[in-house]
Structures are given as C-alpha cells and as structure tokens.
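Data first, discussion second: the structure below is written as structure tokens.
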Ligand code: SER
C-alpha cells in the first residue's frame with residue numbers, strides 16, 4: 001500500500017484522471033450557483049447538474065475535481081465515528097454523456113489497486129439489486145469473486161431533485177479488530193470495519209421536485225471518493241481524524257485544553273468535533289458565508305457554536321477558535337491558497353461570533369438555572385421543550401448542553417417538545433429560504449451545443465440562435481411575448497459582479513424587442529430578457545442591436561466610483577476592509593464591506609474627499625487581460641467567494657486602485673463628475689454598507705438637498721444660512737413653554753381637585769366624587785385621582801379624561817368603602833364599556849381606556865349609577 005499525504009493523494013487522483021483525458025477543474029465555491037435546491041455544495045457532482053441533464057454544454061465531456069463539500073445531516077455523528085464530517089473533500093471523475101460503467105469501474109479499480117496499491121482481496125463491491133451489467137463488469141472483467149459483490153436495495157444515489165441513478169460502491173475491509181464484533185457484521189454495517197471509499201453513480205435519471213424520475217437522454221458517470229477516508233487507509237490511521245488533513249487541529253486543541261488525545265473517549269469526541277468544525281468554519285467563511293440565523297449563515301453559526309461548546313466540555317473557557325484558522329490555512333495551503341490570503345478576515349469573523357456566543361452562553365446558563373429552581377419548587381423534573389428551544393434559539397444554546405446541565409440536577413428535557421419547536425423553526429427557515437432565493441429555472445439549452453457565441457462591444461447586428469418562451473425553446477415569438485434571446489454575438493453587458501445588466505433594443509426585420517435585462521448562465525452564455533413590443537422574432541434571423549448607452553454610462557460612472565471607494569476605504573480605515581457585496585446600477589452604487597465599528601463622520605468625509613481628488617485628477621483607466629497568477633502578483637483586489645476563470649480582467653486606476661473586474665467602466669476618472677456618499681450603516685456583525693451617487697445622480701441629489709434647505713428656511717421664516725440658529729432659538733422657546741405648561745397643569749389639577757371636592761355628594765353616608773378632569777395621560781389622571789382620594793380620606797372616586805382620540809378612566813375606593821362592598825374594578829369595567837372600551841382591576845383601584853371620547857359624560861353617569869347600586 002502506498003504511503004501518501006493528503007496533498008499527494010489529491011494530486012495523484014487528479015493527475016490519474018487527467019491521463020484518462022479528463023479536464024482538471026478547481027473546486028467550485030461551497031455556495032451553489034443558480035441552484036435554489038441546495039444550501040451548500042454537498043457532493044462533487046452538485047456544481048455540474050446542468051451538464052448531466054444536458055441543459056448546458058460542459059467545457060469538456062470528462063472532468064475531474066476535488067470538491068469542497070459540507071453536509072450537516074449527520075452532524076451528531078461527527079467525532080463519534082471514524083469517518084463522519086461536516087466538511088470534507090470529494091475526489092470525483094465525471095462523464096457527461098461520454099464513457100459509462102465499463103471505463104468508470106475499470107479506472108476506479110486501476111487507481112485503487114495499482115496506483116494506491118490497496119490489497120485486492122480486502123476490497124468489497126456493492127451494486128444496485130438488479131444491476132447485472134455492473135455485476136458482469138466487476139466479476140468477468142475485473143475478476144472480483146462473486147461472493148464479494150453484494151446486491152443492495154439502497155444503492156441508488158440522489159441528493160434532492162436533479163440527476164441521480166443506481167450506484168456501485170467500493171468498500172475496504174479494515175480488519176476484524178476495527179469491527180463491532182457482532183456476528184452479522186458485514187459490508188453496510190454501521191461500525192468502522194468496512195469503509196466505503198468510492199462511489200460510482202451511473203447517472204441515468206433526472207428527479208423532479210415531485211419525485212418523478214425521467215430517464216436522461218445520455219448516460220453519465222458521477223464518482224465520489226472521500227479524500228480524508230482514503231488518506232486514513234493509506235496513512236494506516238484508525239480514523240480520518242489522525243490523518244495529516246485533520247490531526248494538527250486536534251493537537252492544538254488538546255494543548256489548549258490541557259488534555260491528551262487518546263486517553264478519554266469523551267475528550268476525544270470533543271477534539272474531533274473541534275478539528276472537523278474548525279475546518280468547516282474556515283472554508284465556509286473563506287467562501288463568503290457569514291454567521292446568521294438563517295440558511296447557510298445558520299449552518300455556520302451552529303457549527304461554530306458546537307465547537308465552542310466542545311471546547312467548554314474540556315474546560316476551555318476562553319475564545320480559542322481563531323488560531324485554528326492558521327492551522328487550517330496550512331493544511332489547505334496547496335489546495336486552497338486563498339484561505340491563506342483571507343486568514344485575517346476569517347479570524348475576525350470567528351472572533352466576533354465566538355465572543356458573542358460566550359456572552360449569550362453566560363446569560364443562557366443564568367436563565368436555565370432559574371428554570372431549574374422553578375422546577376425544583378414545583379417538584380417537577382422535566383424542562384418544557386419550548387423553553388429548551390428558547391435557550392437554543394435566543395441564546396444559541398445547544399440542547400445537548402441544556403440536557404447536560406439538567407442531568408446534573410436529576411432532570412431531563414422534553415426532547416419531543418424541543419424537536420417539535422425545532423421542526424417548526426426549520427419549516428419557517430425553509431420557507432424564508434425559498435422566498436428569498438431567486439429561482440430562475442435553467443432553460444433547456446441543449447440546442448445550443450453546436451453554436452459558438454461571443455461578445456463584442458462594437459457589434460451592431462447578430463443572428464438569433466435561440467428563443468425561449470416560458471422556459472421552452474421556440475422557433476418564433478410574437479408581440480406581447482416575454483422572451484429570453486441568445487444571439488451569436490452581443491454587445492450587451494450581462495448582469496454580474498454586482499453590476500446590473502444592459503438594456504436596449506433588438507430590432508428584427510418585422511419586430512422590436514425591448515430588452516430589460518441581460519444575464520449570464522453559469523457557463524457564461526449571455527441571454528437577453530425582453531418583451532416583444534412589435535411584430536415577430538424568428539430563430540436564425542439577423543437582428544440590429546442597440547444598447548441604451550446613456551444608461552450604461554451612468555452605470556460605468558457608478559462602477560468605477562465603487563472601485564475608488566474601496567481603495568479609499570482601505571486607505572482611511574485599514575487593510576481589513578474587504579468587499580462583501582456590491583450593487584451598481586444607473587442611479588446609485590451600494591458597497592458592503594467588512595469593518596468592525598461604525599465609520600465616523602470625519603472618516604466618511606475623508607473617504608469622499610480622496611475619491612473626489614482622484615476624480616478631478618482625471619486618471620485614464622487601464623484594463624488588462626491576464627492570468628490569475630499575474631493579477632495576484634500585481635496586487636489586484638479580488639472578491640470573496642467569486643469564481644474567476646484562468647484569464648482575468650484587471651481594472652487599473654494608476655497609482656490608486658487595481659481590481660479584478662468584468663464590469664463596465666469610464667475611460668478616465670473625470671467622467672465620474674462628482675462622488676457623494678448618501679448613507680452609511682451597519683448591516684450585520686462586522687459588516688457595513690455605504691450608498692453613494694455620482695455624475696448626474698450626484699447633481700440630482702444635491703439639487704434635492706438644496707431645495708429641502710430652501711423649503712426648511714422658508715418654513716422657519718429665515719434665510720438658509722440662519723436655519724441652525726433659528727432652530728436653536730425655537731428649541732429654547734419650546735423648552736420654556738413646556739416648563740410653563742407643566743406649572744399651569746399642576747395648578748389646574750389642584751383647582752380641579754378643589755372643584756371636585758366641593759361637588760362631592762354623599763350617598764348613604766359614602767362620599768362620592770365623579771367627574772371629568774384634564775389629564776394628558778393615564779399617569780396624570782391617576783395622580784389627580786390619588787389627590788382626590790387622599791383629601792376625601794373616605795369615599796369613592798371615578799374620574800375621566802380625554803387624551804387625544806381616546807378616553808381614560810380611573811376608579812378608586814378607600815379601604816372602609818371596599819369593606820362595605822364597593823368594587824372599583826367592577827365600576828370601571830361598566831363605565832369604560834359605555835365609552836367603547838374595557839378594563840378592570842382591584843376593588844380599591846382600577847383603570848381603563850375607551851375609544852369614544854364623545855361618550856365620556858354618558859360613561860360617568862353610568863359610574864354614578866353603579867356606585868349607587870354598590871352602596872347598600
Ligand atoms: N454523488 C456521489 C456521492 O456524493 C458520487 O460522487 O457519493
């Protein structure tokens with residue numbers, strides 16, 4: 001058996017398949033592109049779904065990758081088995097309608113037995129129940145004995161809707177000593193003896209959302225081999241966690257916790273969880289995921305918090321996760337060098353989230369202790385599931401931790417209730433995800449396969465290659481139709497990198513299409529979305545093209561200004577500023593970036609000043625097409641999580657900014673005219689957003705501001721430059737008047753109290769005061785009521801006051817009256833009902849509101865009557 005490091009194994013695999021005419025492609029980002037059915041990439045084949053279904057043409061019929069994957073379905077098993085992970089790398093070779101079972105099986109066997117030199121007699125094969133073709137190949141061609149080929153019902157592979165099919169797996173027997181020892185232990189057993197190391201999926205079906213399986217026009221191959229699993233076999237380690245791909249993190253965490261790996265099962269589980277989760281969070285953040293309460297962000301948050309908890313289980317009380325990023329960056333240096341570049345950023349995101357969780361962790365523990373006390377008092381032992389869920393949801397408190405603490409008090413949690421609340425939350429998150437994800441169904445573009453398409457900013461005419469209507473390819477379309485059109489050449493710039501798509505007109509011989517957006521499919525094919533406003537459009541006909549150039553110039557100004565803004569922010573705030581998203585259209589620009597405090601007014605003014613200086617310096621822009629490596633060497637800024645091809649475009653404002661960008665830009669900076677920031681705000685932990693305008697937009701903005709000032713001046717009856725002094729004077733006056741009103745109100749209240757006392761009547765020896773007073777709110781009314789009652793010493797008081805469009809009531813009775821049967825709560829209830837309200841309260845004091853102030857005196861009459869009826 002070969003001894004290989006993880007890096008050597010990855011390379012050997014890719015090179016082997018390259019020698020079988022496969023194109024090596026870099027791993028796609030964990031964030032799926034144009035696939036609303038997936039939250040995160042969880043299999044090597046996931047980024048290639050449209051190639052399997054034939055909707056898009058792959059760059060080569062055979063591809064090989066090592067793909068970053070995250071799966072959380074089995075998160076509870078991570079650390080408890082030798083092979084479960086949230087993050088792992090999947091080695092894969094794919095055939096898109098090219099080779100099939102025979103070659104895929106032969107190459108898998110050749111790689112495993114000849115390149116890795118795995119012992120043939122230890123390899124077991126599983127196949128789908130009725131897959132005789134696979135059986136024949138394994139048995140007759142490869143010469144695997146029939147008793148080591150097992151037919152299994154579950155050998156059918158699918159991941160949500162999309163391409164799927166029967167599969168054949170290769171397992172390795174790691175020896176009896178690794179097994180569970182049960183008499184029926186065999187391939188498929190959950191223990192660690194038989195390790196699945198290769199899965200060959202014969203992708204023949206396309207599954208839709210409803211669960212229908214449609215046979216694909218062409219048969220495909222999708223193979224997956226877990227890098228960490230094979231590494232554990234080659235490195236002769238008892239689990240994936242001892243390989244060079246994970247162990248350095250275990251080593252670090254054990255040192256921080258002051259424990260030794262291999263001495264306690266409990267600590268080992270925690271160390272493994274930390275190693276796995278540490279790699280996941282590093283890669284996820286590197287691909288642009290940020291912690292949040294929904295979607296991918298929630299997956300990240302959960303992983304990170306689990307890691308913190310496992311640290312605490314071993315006694316680590318301080319934040320410790322950021323150092324893992326350095327270790328992970330070294331592990332991934334060869335496969336994902338971008339992690340090294342983004343290290344500081346990834347650490348900052350982790351640091352913030354870890355600190356935040358530590359604060360809530362303490363609060364959560366306090367709350368839980370309170371619940372424990374309450375349960376003890378009530379003589380109960382089970383914590384309500386909804387409370388455990390609240391701890392989880394509000395304080396990010398894993399239920400296992402809740403359960404653990406409860407068990408220290410001989411209590412348990414109602415896990416069923418928790419699961420129920422969790423399921424409801426999941427359902428809400430799922431619904432939210434579906435609402436927010438854009439679900440553009442990928443059209444069937446198989447008709448395109450033979451065409452060559454290009455972009456040319458100068459193109460004035462083109463041939464219509466494909467027309468899509470309602471997601472279907474049509475030969476022609478007519479006025480009133482909404483269509484997507486693909487041309488053989490286009491000057492329209494597609495939406496991308498935050499920039500909106502071009503608009504304009506496509507004119508056919510007999511018709512006109514108003515293009516309202518231009519977009520790009522994941523393989524780069526540009527399509528124009530529009531409305532046929534006149535006549536008809538036919539496939540194959542020649543059309544005239546005109547892009548809305550004025551609009552595009554506005555967009556270009558905003559886009560170049562976005563680059564200048566990023567460079568200026570780095571200058572003023574520091575190198576940690578990184579673009580986290582942007583939106584550039586014809587009216588404004590929006591720039592999201594990482595920064596961990598609000599940007600001060602002075603800093604904003606400085607940024608604005610710098611950008612305007614570069615604009616007025618009138619630097620000519622240079623645009624350079626080069627390789628990624630050269631661009632990196634030049635120090636060009638790249639966007640997180642963005643996939644760039646091997647050839648990249650660098651937009652340069654000499655001496656100021658260099659950025660990888662495919663967007664449209666001005667010729668020289670002075671064309672931007674003017675740059676004005678209109679807002680700055682926080683949009684999440686460590687994330688800020690600036691909105692700004694340029695050119696005509698800036699002019700328009702300033703004009704509006706100016707008009708606003710003029711209007712304000714005229715309303716204040718002063719000149720614009722005097723506005724502030726005038727407002728100061730008015731504010732002073734308002735304060736004086738408020739004071740005066742306060743004094744007068746107290747005086748008035750006293751007088752009213754006096755009047756009320758004079759008007760008091762006595763019923764059967766009980767003093768009764770009922771009347772309307774002036775009181776701005778309930779509190780004032782209560783204060784007046786208190787005064788009257790105190791002066792009466794013995795009696796009943798019911799007061800009403802109008803407050804805006806409502807009416808408030810209070811009723812009070814002194815103790816002796818209550819003893820005689822007076823009930824303020826009952827009085828107020830019926831009184832308020834008359835004025836369209838309700839309320840109630842204690843026998844000695846009650847208050848209520850009503851919605852019909854005009855019924856106030858009627859209500860007070862009712863009060864009189866009730867009091868009378870209560871006095872015996
Ligand atoms: N798609 C299959 C898997 O993930 C093989 O790549 O196992």
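What follows is calculated from the coordinates using simple rules that are stated; it is not laboratory data. Note that the structure is a prediction, hence the values are computed from the model and not measured. Cβ placement follows ideal geometry from the backbone for every residue including glycine, while neighbour counts extend to all protein chains displayed.
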* Exposure proxy ranking, count of Cβ atoms within 10 Å, fewest first, for 608, 514, 177, 89 -> 177, 514, 608, 89
* To do: Sort out for me the Cα centre separation of the stretch 14-29 from the stretch 244-280, rounded to whole Å.
  => 32
* **Computed P(r) (all Cα pairs; the stretch 1-159; 10 Å bins; percent)** => 9, 31, 40, 19, 1
* Asked: What order do you get for 665, 409, 85 when you list them from fewest to most C-beta neighbours inside 10 Å?
  -> 409, 665, 85
* **Cα-based helix-to-principal-axis angle, 601-616 vs the chain, degrees rounded to 10** => 50
* Label-to-label distance, nm, for residues given as residue 783 and residue 761 (7 Å Cα→Cβ offset) -> 3.1
* At 222 nm, what helix-only mean residue ellipticity would the chain give, in deg cm²/dmol to the nearest 500, using -39500 (n - 2.57) for each DSSP H run of four or more? -> -12500 deg cm²/dmol
* Over all directions, average the projected area of the Cα convex hull of the chain and note it in nm². => 50.6
* Asked: How big is the gap, in Å, between the Cα center of the stretch 154-168 and the Cα center of the stretch 681-725?
  -> 58
* Asked: Looking only at the stretch 155-198, which residues have a backbone nitrogen under 11 Å from a spot 7 Å from the Cα of residue 260 in the C-beta direction?
  -> none
* Contour excess over end-to-end distance, with Cα ends at residue 868 and residue 735 and 0.36 nm allotted per residue -> 43.3 nm
* Asked: In what order do 533, 587, 28 fall by count of nearby beta-carbon atoms within 10 Å, going from fewest to most?
  -> 533, 587, 28
* Structure fact -> Given a Förster distance of 25 Å, the FRET efficiency implied by the Cβ-Cβ spacing of residue 20 and residue 158, rounded to the nearest 0.05, works out to 0.45
* What is the distance, in nm, between label points placed 7 Å from the Cα along the Cα-to-Cβ direction at residue 176 and at residue 816? -> 10.0
* To do: Would you please state which residues of the stretch 145-170 a label at residue 129 would reach in this model, taking the label point 7 Å out along Cα→Cβ and a backbone N cut-off of under 11 Å?
  => 152-155
* **DSSP bridge pairs, the chain: antiparallel proportion in percent, nearest 5** => 90
* **Length-normalised contact order of the chain in % [C-alpha pairs under 8 Å, at least 6 apart]** => 6
* Which FRET efficiency, nearest 0.05, do residue 772 and residue 750 yield, Cβ-Cβ r, R0 22 Å? -> 0.85
* Structure fact -> Computed from the beta carbon distance with a Förster radius of 30 Å, FRET efficiency for residue 102 and residue 472 to the nearest 0.05 stands at 0.25
* Using the alpha-carbon atoms, what tilt in degrees (0 to 90, nearest 10) does helix 265-286 show relative to the longest principal axis of the chain? -> 90
* Structure fact -> The distance between the Cα centres of the stretch 40-117 and the stretch 479-550, in whole Å, is 37
* Compare the peptides 76-82, 371-377, 805-811 by average per-residue count of other Cβ atoms within 10 angstrom and give them in order, highest first. => 805-811, 76-82, 371-377
* Structure fact -> Under the 7 Å Cα-to-Cβ spin-label approximation, residue 852 and residue 380 lie apart by a distance in nanometres of 4.3
* Residue separation times 0.36 nm, minus the C-alpha to C-alpha distance between residue 721 and residue 706: what's the value? -> 4.2 nm
* Listed peptides 397-403, 742-748, 598-604, 69-75 by packing density, highest first (mean Cβ within 10 Å) -> 397-403, 69-75, 598-604, 742-748
* Once both axes come from the Cα atoms, what is the angle between helix 322-331 and the longest principal axis of the chain, in degrees from 0 to 90, rounded to 10? -> 10
* To do: Work out how much length residue 602 to residue 551 would gain on full extension: take 0.36 nm times their residue separation and subtract the Cα-Cα distance, in nm to one decimal.
  => 15.1 nm
